[in-house]
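The values are calculated or read from the model by the stated rules, or taken from the named source; none is laboratory data. None of these values were measured; they are calculated from a predicted model. Ideal geometry is used to build each Cβ from the backbone, glycine not excepted, and the neighbour counts take in all protein chains shown.
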Amino acid sequence: MYKVLIVDDEPMIREGLTSIIEWEKYGYTVAGTAANGQEAIQKHAELQPSLILIDIRMPGMDGLEAIRRIRANDSVCHILILSGYADFSYAKKAISLQVDGYLLKPIDEDELEAYAKKIAAQLAVRSDDDQTSLHTANIIREELLERIAKGKLEHGGSDLSRLAELLGPSARTYQLLLLELYSREHSLTRNAVVKQKLAREIEEKGQGWVFSSEPYIGILLIDYTLAPHAIVQMKAMIAASITDKARFIGAASAPVRELHMLEQWSPVLRGKLKRRFMLEGNAIYMAELPAMNSMDKESEESRELDIHKLAQALYFRIDIGNADGLKEIVQQASHAIAQYDNQEQSIKSNWAQLLTFVLNKASVANPSVSLQDDLSIITGLYLTHHYEEMLEQLQHRLLGLANKLRGTDSHSTMKQITDFIERHYAENLKLETLSEMFNYNSGYLGKMFKSFTGESFNTYLDQVRIKHAVELLQEGMKVHQVSSRVGYANVDYFHSKFKKYKGASPSSFKGSSDKDHK
């Protein structure tokens, strides 16, 4: 095993670097750590490491001075410099000291892993040790599998023949599976731990090879086809390998007879995983290659999204506490939003805009609604990992909001409708809209409404509007302002309606009492 020495004055960084990548995978072992330049020189003499990771700025002797003294006695040790400063002067001095790389803090896991691979391959060339040769074979196989999973295998046959040699006897079928692990908690080591467990299961059974293809875990299945029963077994194996609360989603190619045929599947599998939000979790999906004559073209029709209209319809359902209608309008809104743009961030952003409108209206209309509390609905939707999970959560939270707005008082349908009109008389209300909201035939609802109120729907709505118009006029508002405020866009139409019900023009009511005109 190649020895690694880690040098940094911060204990947490030293500890983190020992586990940030899977050192053993590339034939390394972390042999020791040091807290300063002087200690680094002593540990180098004692351990004779093949690779040193060393910070530049440390108290006492800095990293550059320590490297100079180490280089006086050791010209072959590989060195990676760590620094919190992107300073060209440091880089220039480092180059003169024959270092292999310059890593900025916070250390990028992928960048460090790439250096580890590269240096391990260079070390292997100088070593005749059989165990080292085995590690070298593992590194090369992993590198070639990662290339084929990314569709970057070099053409010309050398890479392909080398990979075929490292995989062992030729097989009847090959199948590529990419896995994504995810959760609300970020983990630097989750992929490495799960990969190691899956490798033990799959490689020891001779079913294939497990490799890293960040941000995914790759599995090359050899003569093991993911038929329905095999998918069930594979899902159980993956679930058992995940120890925390993470979930997974997988995308698999069709079985192919030749290794090189897997390259064309790379963009298809990665494209499938990028649409994870629209899929279900803890599942493996079989991907399909696009037809040769098919092209993903955007519809030439311009798709518009009326967030305000959707929000208005949703708020009405919440306001009357109609659970079935609320679920239906959530589905309608989700369909419209997803059709407009089905990318995860766009869907969540449009829903956040819609919910902000609804919650603002709810908090203004009902003092029992805390805007700060109910904004947690928006926070919650950003934490969901899948589309159906988001819809289920939204329906549950919005139904809770509807119950809060309704309170515990049990109203008859007609009482709910008249209360609704009293709250929303300024909106563009129609009997057909209310019949849809309350799940009634519009003709039947009209008869019920007249029986309950003694007036037709339109007459009742006009009377409510004129009543509020009188109040606003007596407060000193101008006629055209009142007209718009109570739901009449046309001032002349407002004049005619007002005179019909009050027997006088609106201006005659400004600043006076209603009783003076009876």
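General remarks:
- Test: residue in segment 223-239 that is of a type in the set (Gly, Ala, Ser) and either in contact with a helix residue (DSSP H, G or I) (Cβ under 6 Å, 6 or more places away or on another chain) or in contact (Cβ under 8 Å) with a residue 60 or more places away in the chain (or both): no
- From the options 155, 135, residue that is at negative phi, crowded, with 21+ Cβ neighbours inside 10 Å, at pLDDT below 90 and not small (Gly, Ala, Ser): 135
- Selected residue (only one of 84, 27, 37 is touching a residue at least 24 places away in the same chain (Cβ under 8 Å) and in contact with a Lys or Arg (Cβ under 7 Å, 6 or more places away or on another chain)): 84
- Identity of the residue in segment 166-195, polar (S, T, N, Q) and surrounded by 18 or more Cβ atoms within 10 Å (Cβ to Cβ), that ends up farthest from residue 21 (Cα to Cα): 175
- The set of residues in segment 212-230 that are within 20 Å of residue 26 (Cβ to Cβ) and more than 24 Å from the chain's Cα centre (by Cα) contains only 220.
- Qualifying residue in segment 238-254 (condition: within 27 Å of residue 160 (Cα to Cα) and either surrounded by fewer than 21 Cβ atoms within 10 Å (Cβ to Cβ) or of a type in the set (S, T, N, Q) (or both)): yes
- Put simply, of 202, 242, 219, 238 the only residue that is within 16 Å of residue 287 (Cβ to Cβ) and among the β-branched types (Val, Ile, Thr) is 219.
- Criterion violated by residue 253 - all others in (1) touching a residue at least 40 places away in the same chain (Cβ under 8 Å); (2) more than 13 Å from residue 149 (Cβ to Cβ) satisfied: (2)
- Screening residue 108 with (1) surrounded by 14 or more Cβ atoms within 10 Å (Cβ to Cβ); (2) over 22 Å from residue 219 (Cβ atoms); (3) modelled with pLDDT of 80 or more gives one miss only, at (1).
- Of the strands (runs of 3 or more DSSP E) entirely within segment 143-259, those holding at least 1 residues that are hydroxyl-bearing (Ser, Thr, Tyr) and under 21 Å from residue 110 (Cα atoms) occupy 174-182, 208-213, 216-222.
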